[in-house]
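Data first, discussion second: the structure below is written as structure tokens.
The values are calculated or read from the model by the stated rules, or taken from the named source; none is laboratory data. Keep in mind it's a predicted model, so treat the numbers as computed, not measured. Every residue, glycine as well, gets a Cβ built from its backbone with ideal geometry; the counts of neighbours run over all protein chains shown. Areas reflect the complete protein model, heavy atoms only, side chains present, ligands, DNA and RNA absent. Shrake-Rupley method; radii C 1.70, N 1.55, O 1.52, S 1.80 Å.
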Amino acid sequence: MYVPEHFAVPDVDKIHDLIRANPFGMLLTHGSAGLDANHLPFELETGATTALHAHVARANTLWQDVKDGDEVLVVFRAGDAYISPNWYPSKHELHKQVPTWNYMVAHAHGRITVRDDERYVRGVVARLTRTHEATQPKPWKMTDSKAEYIDTLLKAIVGIQVEVTRLVGKYKLSQNKERRDIEGAGEGVMAQGGAKIGAAMLACANEKKS
């Protein structure tokens with residue numbers, strides 16, 4: 001990924017936050033059948049090592065197409081928005097602005113391992129469920145269903161682990177523009193319903209004030 005210095009995210013914790021807030025990633029592999037992309041919810045593990053955990057349907061040939069240790073890439077997106085040059089105050093004075101697209105992404109490079117064991121799969125499913133059911137009035141639990149039913153479903157999926165070797169973050173939020181242009185474009189994005197990108201742009205504008 002091309003990352004100019006003013007769009008780079010050197011803070012690893014910020015990249016971790018982006019992944020946790022936007023855990024539905026795109027797993028890119030290059031196995032025996034060629035390039036492939038699978039869209040999966042991931043659990044991020046940090047500590048002595050950094051890893052991503054997910055699962056796929058046993059019917060998905062991904063887990064048979066790759067070999068343990070193969071290099072893979074997982075892409076996480078936190079939002080994007082079209083930027084009209086009309087939102088830049090300087091455009092109306094100098095007429096030297098053009099359209100662009102802003103976005104926030106994280107790329108996790110790593111090595112994949114297929115985890116075809118019930119204990120691993122059960123743990124991944126339990127943790128993903130606990131995380132994403134937390135906001136529900138009455139969170140669903142695996143124990144809400146009969147054990148036999150859950151056991152059958154777990155046999156139909158295969159675990160995927162990615163040992164992360166490199167993290168790259170990019171926040172393209174018009175940081176290379178004047179403060180007033182960042183602010184104008186941020187307000188334009190907000191008016192179009194792009195709250196996430198718009199708010200991030202306005203935060204960048206505020207940082208330029210100091």
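Being of a type outside the set (Val, Ile, Thr) and under 27 Å from Ala126 (Cβ atoms) is a property that does not hold for Leu35.
Ala48: within 14 Å of Glu163 (Cβ to Cβ), free of Cβ contacts under 8 Å to residues at least 40 places away in the same chain and not acidic (Asp, Glu), yes or no? For Ala48, the condition - within 14 Å of Glu163 (Cβ to Cβ), free of Cβ contacts under 8 Å to residues at least 40 places away in the same chain and not acidic (Asp, Glu) - is met. Going by what's in this entry, would Ala106 be described as in a strand (DSSP E or B) and either in contact with a Leu (Cβ under 8 Å, 6 or more places away or on another chain) or open to solvent by 30 Å² or more (accessible area, probe 1.4 Å) (or both)? Spelling it out, Ala106 is indeed in a strand (DSSP E or B) and either in contact with a Leu (Cβ under 8 Å, 6 or more places away or on another chain) or open to solvent by 30 Å² or more (accessible area, probe 1.4 Å) (or both). For beta carbons closer than 6 Å, sequence separation of 6+ or different chains, a first residue in the stretch 151-168 that is at pLDDT below 95 and a second that is open to solvent by 30 Å² or more (accessible area, probe 1.4 Å), there are no qualifying pairs.
Would you check if there is a residue in the stretch 121-134 being in contact (Cβ under 8 Å) with a residue 24 or more places away in the chain and of a type in the set (Lys, Arg)? Yes, the conditions are met somewhere in the stretch 121-134.
The selection criterion, being touching a Lys or Arg at 6+ places or on another chain (Cβ under 6 Å) and within 20 Å of Leu18 (Cβ to Cβ), holds for His109.
Quick check on my filter: what residues within the stretch 40-92 are under 18 Å from the mean Cα position of the chain (by Cα) and of a type in the set (Val, Ile, Thr)? Once the filter is applied, which keeps residues that are under 18 Å from the mean Cα position of the chain (by Cα) and of a type in the set (Val, Ile, Thr), the stretch 40-92 yields Thr46, Thr50, Val56, Val72, Val74, Val75.
Test Arg111 against the stated conditions and say whether it is open to solvent by 30 Å² or more (accessible area, probe 1.4 Å), closer than 27 Å to Thr61 by Cα, assigned to a strand (DSSP E or B) and of a type outside the set (Ser, Thr, Tyr). Yes: the conditions hold for Arg111.
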